[in-house]
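The values are calculated or read from the model by the stated rules, or taken from the named source; none is laboratory data. As the structure is a prediction and not an experimental result, all values here were calculated from the model. Positions of Cβ are backbone-derived with ideal geometry, glycine not excepted, and every protein chain shown enters the neighbour counts. Remember, those area values only see protein heavy atoms, side chains included, never the ligands or the DNA or RNA. Shrake-Rupley method; radii C 1.70, N 1.55, O 1.52, S 1.80 Å.
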Amino acid sequence: MPRYTIGVDFGSLSGRAVLVNASDGREIASAQLNYPHGVMDRSLPSGIPLPPDWALQHPQDYLDVLDATLPELARHVDPADIVGIGLDCTSSTVLPVDAQGTPLCLTDRFRDTPHAWVMMWKHHAAQEQARRMTRIAEERREPWLPLYGGKVNAEWYFPKLLQVLEEAPEVYAAMAHYVEMTDWLVWRLTGRQTRSAGCLGYKAFHAGQFPDNAFFRALNPAFGNVVEEKVSGPILPLGECAGTLTEEAARRYGLRPGIAVATGNIDAHVCVPAAGIDGPGKLLAIIGTSTCHILMGKRTLPVPGMSGVVRDGVLPGWAGYEAGQSCVGDSFHWFERTCVPAAYEQEAASRGLSVQALLTEKAARLRPGESGLLALDWWNGNRSVLADADLTGLLLGMTLQTTPEEIYRALLESTAYGARVILENYRDSGVPVEAFHASGGIPQKNALAMQIYADVLQMPVRISSAAQGPALGSAIFAAVAAGFYPTAAEAARAMGGKDETVCYPQPENAAIYDRLYQEFKALHDLFGRGGSDVMKRLKALRNMSGKAENDHE
């Protein structure tokens, strides 16, 4: 008798769920819902404006995904044959809740307080707190800092929580827990509050234990007992059963009570077993609105500028390394939305194409270096290897003859150069990279982008066939939590990575891109390593103007 698992992936703009056969990972059905509120980076639902660098979400959007997808999947098989559910979310995407798990933003008291809402991974308004954490950790010679690339990132858990304390102390005092979104959703399904060791390991400096209270007290005296006060709950390893589906949840979603619910996970990390990767040396780039670069190694080594290395953080038995790029697909969508002339939109419509498909078609006719353009991929700050949210995008070489497709191709190329910086940084730090795998929407939909990556990286790019990589990965971990497999590695071999397409580098293109990459690195180091702080000065002026405008309103 077949058994099935469900994986639900909560991304930046939508939630996607799959029902798969637990024996071989074959997809039976899928469902998706775009978040009704999307990304709130301009204002709250009430219209209250948000300052620059804020990125919030509505917790009800996540619950709506469960309401829309789980009953839809349950109708395709006998619910009695569904044995497990797994969840993953972007990270660090966090929210303050009361003791019962109610988000503070849904209460009358705090619905108009920005700090009470869900802070997305790309909420970068805690950069000042992140810088202070780095400085104090360096001064105190905190032993955990080298394992997080030597620099605290504004996207992580504690900078955001410190921002809440310092800018909205009433929210900080009212919250009983500050939770990762994936842990909150597991709580909603099981009625049991747990913490994901993966989320805390990569985003909250947890390597068996947190930094001691003296470190947090040095940041702010009121932050000294933050772990005991706001981060309580059992910490569970990946693949463990966090609890079982409650009677109430089962009735709501058309499932049976008692189904195993796996420990929550990070969206990028669960793609590793979905791609069939079960060991070290194979880098997986999950390329979407942003990119995460996940790699497993035999040893735990410090790598400058990475997002962290955690033993058992991706699959048990290996050191899991994470790095990333904060802006990839986001930059393509920004260009399409704000910079493409009406004539291109009309041509795309007349041919039944999306604007981005038309741009890709036109950009594919260009030769490497033909446009004379070079871009830096920092439109949403730099996650790795500089870990600096105050850096901004750059486009160099434009003339009055520059065309939209040339700019679009330069943006594609910039993300490939950024990936090469990360790959070379791993290798320079003694972490082998023997293969490059790609997963996500862009690898499956944009062949030009993947050919550019192969040419820039000078190695084959292996594109995963899984249409919903994170959701499949969560379903794989659900099978482990349900006891269907003894380890995630065995589940990955059985359920993941059935087919892949390979893009091979073209030597003539690779030679030109190698020269362009050297110019990219020169700009990268000039603006990112202290040669010029013009980006930060301009951003500071923008933020001052934005604050004055909000104060005036």
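Under the simplified labelling scheme, the residue 498-residue 75 pair shows an inter-label distance of 2.4 nm, with each label point 7 Å from Cα along Cα→Cβ.
Taking a ≥ b ≥ c as the square roots of the eigenvalues of the Cα gyration tensor, the range 153-210 is oblate, since a/c reaches 1.5 or more and a/b is not larger than b/c.
Modelled this way, with points 7 Å down the Cα-to-C-beta line, the labels at residue 170 and residue 228 are 2.8 nm from one another.
Taken one residue at a time, the phi angles of the range 80-97 give Karplus couplings (6.51, -1.76, 1.60, θ = phi - 60°) of 5, 8, 8, 10, x, 10, x, 10, 9, 9, 4, 8, 8, 10, 9, 8, x, 9 Hz. Gly and Pro are set to x.
Excluding ligands, DNA and RNA, the accessible surface per residue across the range 470-553 is 56 Å² with a 1.4 Å probe.
Extension gain, residue 434 to residue 67, is 127.9 nm, computed as 0.36 nm per intervening residue step minus the present C-alpha separation. With the alpha-carbon atoms of the range 307-368 aligned to their principal axes, the span from lowest to highest coordinate is 54, 24, 23 Å, starting with the largest. Each of residue 361 and residue 346 was given a label point 7 Å from its Cα along the Cα-to-Cβ line. The distance between the two points is 1.7 nm. Among 287-293, 62-68, sorting by the average number of other beta carbon atoms lying within 10 angstrom of each residue, highest first, gives 287-293, 62-68.
Here the ratio of the Cα radius of gyration of the range 415-477 to 2.2 N^0.38 Å is 1.22. Highest-first packing order for the peptide set 493-500, 529-536, 449-456, 326-333 is 449-456, 326-333, 493-500, 529-536, based on the mean count of other beta carbon atoms within 10 Å.
Taking 8 Å as the Cα distance limit and 6 or more residues as the minimum spacing, I'd like the relative contact order of the range 226-326 as a percentage. After rounding, I find 19 percent. In order along the range 279-285, phi translates into HN-Hα couplings of x, x, x, 10, 7, 10, 9 Hz, rounded to whole numbers, per the Karplus curve 6.51 cos²θ - 1.76 cosθ + 1.60 with θ = phi - 60° and x for Gly and Pro. For the range 197-262, dividing the convex hull volume of the Cα atoms by the residue count gives 113 Å³ per residue.
Amide H contacts for residue 437 (H built 1.01 Å from N in the peptide plane; partners 5 or more residues away or on another chain; cut-off under 5 Å): 283, 284, 285, 462.
Magnitude of the charge dipole for the chain, about its Cα centre and with charges confined to Cβ atoms of Lys, Arg (+1) and Asp, Glu (-1), is about 620 debye. Stokes-Einstein diffusion for the range 14-113 at 20 °C, viscosity 1.002 mPa s, with a Kirkwood radius from C-alpha pairs, works out to 135 µm²/s. Listed peptides 27-40, 240-253, 469-482 appear in the order 469-482, 240-253, 27-40 once ranked by packing, highest mean of other Cβ atoms within 10 Å at the front.
The length gained by stretching the chain between residue 298 and residue 106 to full extension, at 0.36 nm per residue less their Cα-Cα distance, is 64.6 nm.
With the convex hull drawn over the C-alpha atoms of the range 147-276, the volume per residue is 133 Å³. Ellipsoid fit via the Cα gyration tensor, the range 232-303: semi-axes of 31, 16, 12 Å, each the root of five times an eigenvalue, largest first.
Annotation: amide H-H contacts under 5 Å for residue 26 (H modelled 1.01 Å from N, sequence separation of 5 or more, or interchain): 21. Prolate is the label for the range 431-534, because a/c, from the alpha-carbon gyration tensor with a ≥ b ≥ c as root eigenvalues, is 1.5 or above and a/b exceeds b/c. Quotient of the Cα radius of gyration of the chain and 2.2 N^0.38 Å, N being its number of residues: 0.93.
Using Stokes-Einstein with the Kirkwood hydrodynamic radius over Cα pairs, what translational diffusion coefficient do you get for the range 190-339 at 10 °C and a viscosity of 1.306 mPa s, in µm²/s rounded to a whole number? Rounded, D is 90 µm²/s.
For the range 262-273, backbone phi angles converted through the Karplus equation (6.51, -1.76, 1.60; θ = phi - 60°) give residue-by-residue couplings of 6, 3, x, 9, 8, 4, 5, 5, 6, 5, 4, x Hz, Gly and Pro being listed as x. Take every pair of alpha-carbon atoms less than 8 Å apart whose residues are at least six positions apart; their mean separation over the length of the range 1-152 yields a relative contact order of 23 percent. If you take the square roots of the eigenvalues of the alpha-carbon gyration tensor of the range 252-373 and sort them as a ≥ b ≥ c, do you get rounded (a/c under 1.5), prolate (a/b over b/c) or oblate? Oblate, since a/c reaches 1.5 and b/c is not below a/b.
Give the carbon-plus-sulfur fraction of the accessible surface of the range 1-129 in %, rounded to a whole number; probe 1.4 Å, heavy atoms of protein chains only. With neighbouring chains kept in place, the figure for the range 1-129 is 46 percent.
Rounded to the nearest 500, the helix-only mean residue ellipticity at 222 nm of the chain stands at -12000 deg cm²/dmol, with each DSSP H run of n ≥ 4 adding -39,500 (n - 2.57).
Close amide H partners of residue 118, meaning residues 5 or more places away or on another chain with modelled amide H under 5 Å apart, are 57. Across the chain, Cα pairs under 8 Å and at least six residues apart give a relative contact order of 17 percent.
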